[in-house]
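Here the structure is laid out as structure tokens; the discussion comes afterwards.
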Amino acid sequence: MSEQPCDIGDADGVAMAFLEKGTKVTPLPFRQPALGDKQIRIRVTHAGLCMSDLLTSTGQWGEPYLPLVPGHEIVGIVEKVGEKVSHLHEGDKVGFGVYRDCCDMCSECRTGHENMCAGKSYTYDPYSYGGYATSFQSRGDFFFKLDDSFPGYAAPLFCAGTTVYNPLLQYAKPSMKVGIVGIGGLGHVAIKFANKFGCEVTAISTTPGKEQEAKSMGAHHFINSKDPEALKKHANSLDMILDTCTAVNLEQDFSLVRPRGHVALVGAPNVEHDCKLNITQILMRQQELHGSEVGPRIVIENMLEFVKIHNIIPDVDIYPFADTQSAVNSLFSGSPKWPRYRNVIETKDFFNTFTPRSN
Ligand SMILES: [Zn+2]
Ligand SMILES: [Zn+2]
């Protein structure tokens, strides 16, 4: 059973839904299904916008199911807990990420890699609404307890943050020379993390105008990847690259990395994109290529401790929930401005005009 659209007077929540393929969102009142005994329902306070939301809505990852309510960077306050939930209580501040379910039985699940479970479910899909909504309900043990002092607008940690933290946790060591390719929603958090991991951080971007911002986030060096001389000068200089771009250029990445170095990929390219993988180059230099998809719950718990110790929060632009369309336009087309560096919607003011049925 899943969410059902309804009249506003009868609604548990309002979603900002894609009712057709594209980038237009429309308010959609809905009823939540009955709360399962292992489920939690929250009032969403903040949700981050991820590029994958719009790759889904515009059909770039296949024909979208409709209505589509994306959002997998969610922070909110617990409203209801099922009878068998004991680790969270009404009023707790919580976060929620990219996965909402897994099989619990396979070897990946039983060894703490449930993001690799063949039976996992993503937070939003044809059966469930995501975080572009005032109300969200899901399996209780996929929620993360947050301190009351955790800023809700740091919601992008639950996808962007986790996605870059996971490969850094696996491969980055203190004093390693780490390059971060792409200074956007993912890359800017990666710079902050890699700096606090004790790495010597090089930001690599096609936008020279981001150099000062990248350095203020913790980058020690900057390479303009449109400058062939700069690329040549830094060849073989890095121990590891974390590439956050969807327009991945592996030939460039592996030329910047030293022999026996690593390249970790977290951006899913368009299927038609030529990644320029030069197998001979990699083979003769004994280099390694790693893929990574977001991260399991144990890594998110670890990241939440890390950001608390080092006071790391993403740089965000906050939009009122009622103006989700502007946040979408900004992310999709830079109109009237590109995100610096993640767009987050905030529901607070929306409750001045909307009273949920269950209250
Ligand atoms: Zn995401
Ligand atoms: Zn499993």
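Structure values in brief
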{"read-out": "Computed [θ] at 222 nm, helices only, for the chain once each DSSP H run of length n ≥ 4 contributes -39500 (n - 2.57)", "value": "-6500 deg cm²/dmol"}
{"read-out": "Counted charge near Ile282, where neighbours are those whose Cβ lies closer than 13 Å (Asp, Glu -1; Lys, Arg +1)", "value": "+1"}
{"read-out": "In Hz, Karplus ³J(HN,Hα) per residue of the range 344-355 (6.51, -1.76, 1.60; θ = phi - 60°; x = Gly, Pro)", "value": "10, 9, 10, 8, 2, 5, 5, 6, 5, 10, 10, 10"}
{"read-out": "Distance in nm between pseudo-label sites at Glu90 and Asp141 (7 Å out along the Cβ direction from Cα)", "value": "2.5"}
{"read-out": "Alpha-carbon centroid distance for the pair the range 297-359 / the range 2-56, whole angstrom", "value": "15"}
{"read-out": "Sequence ranges 168-176, 197-205, ranked by mean other-Cβ count within 10 angstrom, highest first", "value": "197-205, 168-176"}
{"read-out": "Accessible area expressed per residue, the range 1-152, with surrounding protein chains retained (probe 1.4 Å, Å²)", "value": "43"}
{"read-out": "Dipole of the range 161-291 [Lys/Arg +1, Asp/Glu -1 at C-beta], most positive-end residue of Leu289, Ala194, Thr163", "value": "Ala194"}
{"read-out": "Cα-centre dipole for the range 161-291 with unit charges at Cβ (Lys and Arg positive, Asp and Glu negative), debye to 20", "value": "380"}
{"read-out": "Centroid-to-centroid separation of the range 105-168 and the range 269-283 [C-alpha atoms, Å]", "value": "30"}
{"read-out": "Average accessible surface area per residue within the range 161-291, 1.4 Å rolling probe, Å²", "value": "45"}
{"read-out": "Long pairs among Lys21/Lys276; Lys120/Lys196; Lys177/Lys308; Lys177/Lys232; Lys38/Lys196, criterion Cα-Cα beyond 26 Å", "value": "Lys21/Lys276; Lys120/Lys196; Lys38/Lys196"}
{"read-out": "Degrees separating the helix 324-333 axis from the principal Cα axis of the chain, which is the longest one", "value": "20"}
{"read-out": "For the range 161-295, diffusion coefficient by Stokes-Einstein and Kirkwood Rh (Cα), 37 °C, 0.692 mPa s, µm²/s", "value": "227"}
{"read-out": "Length released on extending from Asp10 to Cys103, taking residue separation times 0.36 nm less the Cα-Cα span", "value": "30.1 nm"}
{"read-out": "Accessible surface of the range 161-291 [probe 1.4 Å, protein heavy atoms]: carbon and sulfur percent", "value": "52"}
{"read-out": "The chain: relative contact order as a whole-number percent, Cα under 8 Å and 6+ apart", "value": "17"}
{"read-out": "Portion, in percent, of the accessible area of the range 20-128 that falls on carbon or sulfur, probe 1.4 Å", "value": "52"}
{"read-out": "Helix 160-171 axis, angle to the chain major axis (alpha carbon atoms, nearest 10°)", "value": "40"}
{"read-out": "GNM result for the chain, Cα springs below 10 Å: residue of Glu272, Glu73, Glu213 fluctuating most strongly", "value": "Glu272"}
{"read-out": "Within the chain, percent of DSSP bridges classed antiparallel, to nearest 5", "value": "55"}
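The values are calculated or read from the model by the stated rules, or taken from the named source; none is laboratory data. Source: prediction; values computed, not measured. Please note: Cβ atoms are built from the backbone with ideal geometry, for glycine as well, and neighbour counts cover all protein chains shown. For the accessible areas, the whole protein counts, side chains as well, though only heavy atoms, and no ligand, DNA or RNA atoms are used. Shrake-Rupley method; radii C 1.70, N 1.55, O 1.52, S 1.80 Å.
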